[in-house]
Amino acid sequence: QVQLVESGGGLVQPGGSLRLSCVVSTTSFYYMTWYRQAPGKQRELVARMARNGSTNYSPSVAGRFTISRDFPKNAVFLQMNSLKPDDTAVYYCNGKGVLSDSPEYWGQGTQVTVSS
């Protein structure tokens, strides 16, 4: 059974940093993506990294967040710097194959709260 387990969320002051981690059991996905969902809002893509190393970011986090992968450990990370209150959300790790109809798998989510 595929499991994605996130960690690293918490409470941080504006301007601070957090690093989220997601470890995947049993398989390796072509795409690893971080999404987030704030209260009352739709889930949105934050950052994605393909197995070939290509990345894309939401304009709202570009230049502040960095996605990376550790392929031997089958893990993906999200380094979040210069955090803002608008970054407050539950962050989810997502894994998906290269084909458009590939199944996708989700972690349970980790809460990030940016507040003074």
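The values are calculated or read from the model by the stated rules, or taken from the named source; none is laboratory data. Predicted model only: the values in this text are computed from it and were never measured. Neighbour counts are summed over all protein chains in view; Cβ atoms, including those assigned to glycine, are modelled from backbone coordinates with ideal geometry. Just so you know, the surface numbers come from the protein's heavy atoms only, side chains and all, with ligands and any DNA or RNA stripped out. Shrake-Rupley method; radii C 1.70, N 1.55, O 1.52, S 1.80 Å.
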Among PHE65, SER21, GLN42, which residue has its Cα furthest toward the positive end of the charge dipole of the chain, with +1 on Lys/Arg Cβ and -1 on Asp/Glu Cβ? PHE65
Quick one: accessible surface of ASP101, probe radius 1.4 Å, all protein chains present, in square angstrom to the nearest 10. 130
Using a 1.4 angstrom probe with every protein chain in place, what is the largest-first accessible-area order of LEU4, LEU99? LEU99, LEU4
Over the heavy atoms of VAL23, what accessible area does a 1.4 Å probe trace out, to the nearest 10 Å²? 80
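Would you mind calculating the relative contact order of region 1-47 from Cα pairs under 8 angstrom and at least 6 residues apart, reporting the percent as a whole number? Could you put the intermediate results ahead of the total?
On the way: 49 pairs, mean separation 14.4, N = 47.
Reported as a whole number, the value is 31 percent.
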So how much slack lies between SER7 and SER82, counting 0.36 nm per residue of separation and subtracting their Cα-Cα distance, in nm? 25.1 nm
Binned at 5 Å from zero, the C-alpha pair distances of region 11-116 give percents of 2, 13, 24, 25, 19, 10, 5, 1, 0
Can you tell which of THR88, ASN56, VAL2 lies farthest toward the positive end of the dipole of region 1-90, using +1 and -1 charges on the Cβ of basic and acidic side chains (Lys, Arg; Asp, Glu)? ASN56
Computed over the chain: relative contact order in percent, which uses C-alpha pairs under 8 Å that are six or more apart: 36
Ordering GLU104, GLU6 from largest to smallest accessible area (1.4 angstrom probe), what's the sequence? GLU104, GLU6
Please list LYS73, LYS84 in order of solvent-accessible area, largest first, computed with a 1.4 Å probe with all protein chains present. LYS73, LYS84
